[in-house]
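The values are calculated or read from the model by the stated rules, or taken from the named source; none is laboratory data. All figures in this text were calculated on a predicted structure; none of them were measured in a lab. Using ideal geometry, Cβ is built from the backbone for each residue, glycine included, and neighbour counts are taken over all protein chains shown.
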Amino acid sequence: MLSSYMAMIDDKSLCSEFERFYYDNRSLGIHVALGVLHSDALAEEAVSESFMKLAKCFQKVHNLRPHDLTSYFVITVRNTSLDMLKKESADEVEFDDRIDHTELPDAGEELLKECIALLPERDRELLFLRYTLCLGSREIGAAFGISEEAARKRVQYVRGKLRKLMEENADE
């Protein structure tokens, strides 16, 4: 792994300095990352990513005093760990966009099928992906080439259209 970091350093005369910094500060980085992430595997990943970031800018920061360079590295590890934690938390939070039957008019399955058939093909595909295949917003977004947030909003919008269609056709 160290060799891949050193390959990113443009000035090859700095490689030995980076190598020394790596061996002197790797355990400190692991300690900082573990304090945030509470997982050995994630801490290793955070430290690896932090060393990668450091290697990319090492030519600019290698002249810092040793204490300042170490502080810079610790802050990088901490921020990388926090970013990973946020991403992991965001991945775990899946918005519940199941159709709540209380939001749809009390109607039979036949009316539901008729109203779905009235929707444009793209909306029907979206409903199929979400409610038949049980895909989340991220997967739907990837399938439609849109962001996860846009997919979530689109599901809400199509549910609203379906509800309106069902209300309109329930009286017939």
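Within the stretch 1-51, the residues that satisfy the criterion of being touching a Phe, Trp or Tyr at 6+ places or on another chain (Cβ under 7 Å) and either part of a loop (DSSP other than H, G, I, E, B) or surrounded by fewer than 15 Cβ atoms within 10 Å (Cβ to Cβ) (or both) are 2, 9. Given the structure, is residue 46 farther than 20 Å from residue 71 by Cα and either among the hydrophobic types (A, V, I, L, M, F, W, C) or modelled with pLDDT of 95 or more (or both)? No, not satisfied.
Here is a yes/no grid of residues against (1) assigned by TED's automatic domain parsing to the domain that holds residue 32; (2) modelled with pLDDT under 85:
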| position | (1), (2) |
| --- | --- |
| 80 | yes, no |
| 101 | no, yes |
| 116 | no, no |
| 128 | no, yes |
| 133 | no, yes |
| 152 | no, no |
| 156 | no, no |
| 161 | no, no |
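Looking only at the stretch 54-81, residues that are basic (Lys, Arg) and buried (at least 17 other Cβ atoms within 10 Å of the Cβ) come to 1 in all.
Residue by residue, here is whether (1) within 23 Å of residue 87 (Cβ to Cβ); (2) under 16 Å from the mean Cα position of the chain (by Cα) holds:
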position	(1), (2)
113	no, no
140	yes, yes
143	yes, no
146	yes, yes
156	no, no
161	no, no
